[in-house]
Amino acid sequence: MEQAKGGSLLEAVALAVSGAVLGTAVGSPLGIAIPIGAVAAINGAISGWRGIYDWRCANGPVAFVLDSTWATPMTLAALFSQAVAGLSKQPGYDASLSRRANRHVYQRGFMPRRGFAITLGNVLSGAGDTSLPHRQRLITNHENVHVWQARWFGPFFPVLYVGWMLLGVFVGVIVWLLRRRSDRLGKVIESCSYYINPFEWWAYSRANNWPPGGKVKNLGWRRPVVLPFDGDPVQ
């Protein structure tokens, strides 16, 4: 998918400079002003050029400030995802779902698991055919929740998310043994490490898709943790 006109050179320069200032200010007390400032500047340049931040409401400025300060570890991960997409022949950047939406959306790009979308910071990859309504809902009602989780939890997000997944492998083996191997080991581990991960529980609930079809029945959370955005479930 070709990129439509998004932001502008002026916006790219303004956000690169602003991001560098914010990142440097936050990183200085920690002795890492240059790395954080560089991450924030690069993100500002790319995001400004594409015009992803929505300046018409509070979400845009909040997203930009968090991406440039508290959430820079996840912004760095987002830049990695951007780099992988940049090296891909057809990453499928979808400007219509990115412009002023506080995120970057790729139909392909970085896809470590086929068939699953993945969100790193403010970059969503593996969105698939975004002309389909159910794929659009996946982006707006599920993956966009992860974009904001990364912003709110900042440096704690990868620690908590990956930590749960690692613990889930161990717990999954124990559960599988206690359930007398009634389900496949891999499915039980996936349910414990991925599906009932609180961050995924939150996102699947928002997408009106709890419990998801891939989760082992009667394992983990029984009810949605939050109300869905709408009544149309993401499949």
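The values are calculated or read from the model by the stated rules, or taken from the named source; none is laboratory data. Since the structure is predicted, the reported quantities are computational estimates derived from the model, not experimental observations. Cβ atoms come from the backbone with ideal geometry, glycine included; neighbour counts cover every protein chain shown.
For the stretch 177-235, enumerate the residues that are surrounded by 17 or more Cβ atoms within 10 Å (Cβ to Cβ) and touching a Ser or Thr at 6+ places or on another chain (Cβ under 6 Å).
K215, V216, L219, P224
Does the stretch 174-190 include one or more residues that are in contact (Cβ under 8 Å) with a residue 24 or more places away in the chain, closer than 28 Å to P133 by Cα and of a type in the set (V, I, T)?
No, the stretch 174-190 has no match at all.
Assess whether R99 counts as being basic (K, R), touching a strand residue (DSSP E or B) at 6+ places or on another chain (Cβ under 8 Å) and in contact (Cβ under 8 Å) with a residue 12 or more places away in the chain.
no
Of these, S193, S182, which one is assigned to a helix (DSSP H, G or I) and over 15 Å from the mean Cα position of the chain (by Cα)?
S193 is the lone residue from the list that is assigned to a helix (DSSP H, G or I) and over 15 Å from the mean Cα position of the chain (by Cα).
Give the stretch 140-158 a look and list any residue that's part of a helix (DSSP H, G or I) and either at positive phi or not aromatic (F, W, Y) (or both), or say none.
T140, N141, H142, E143, N144, V145, H146, V147, Q149, A150, R151, P158
Got at least one residue in the stretch 46-62 being acidic (D, E), in a helix (DSSP H, G or I) and assigned by TED's automatic domain parsing to the domain that holds R100?
To start, the set of residues in the stretch 46-62 that are acidic (D, E) comprises 54.
Of the ones still in play, those that are also in a helix (DSSP H, G or I) are none.
The answer is no; no qualifying residue exists.
Looking only at the stretch 78-116, count every residue that is polar (S, T, N, Q), in a helix (DSSP H, G or I) and crowded, with 18+ Cβ neighbours inside 10 Å and tell me the total.
Residues meeting the conditions: 2.
Looking at (1) of a type in the set (F, W, Y); (2) modelled with pLDDT under 95; (3) in contact with a strand residue (DSSP E or B) (Cβ under 8 Å, 6 or more places away or on another chain), can you tell me which one F80 breaks?
Checking F80 against (1) of a type in the set (F, W, Y); (2) modelled with pLDDT under 95; (3) in contact with a strand residue (DSSP E or B) (Cβ under 8 Å, 6 or more places away or on another chain), the one that fails is (2).
Is it true that S47 is in contact (Cβ under 8 Å) with a residue 60 or more places away in the chain, more than 14 Å from N122 (Cα to Cα) and under 18 Å from the mean Cα position of the chain (by Cα)?
In short, no.
Does any residue of the stretch 131-139 turn out to be assigned to a loop (DSSP other than H, G, I, E, B) and either surrounded by 18 or more Cβ atoms within 10 Å (Cβ to Cβ) or in the same structural domain as F64 (by TED's automatic domain parsing) (or both)?
Checked the stretch 131-139: at least one residue is assigned to a loop (DSSP other than H, G, I, E, B) and either surrounded by 18 or more Cβ atoms within 10 Å (Cβ to Cβ) or in the same structural domain as F64 (by TED's automatic domain parsing) (or both).
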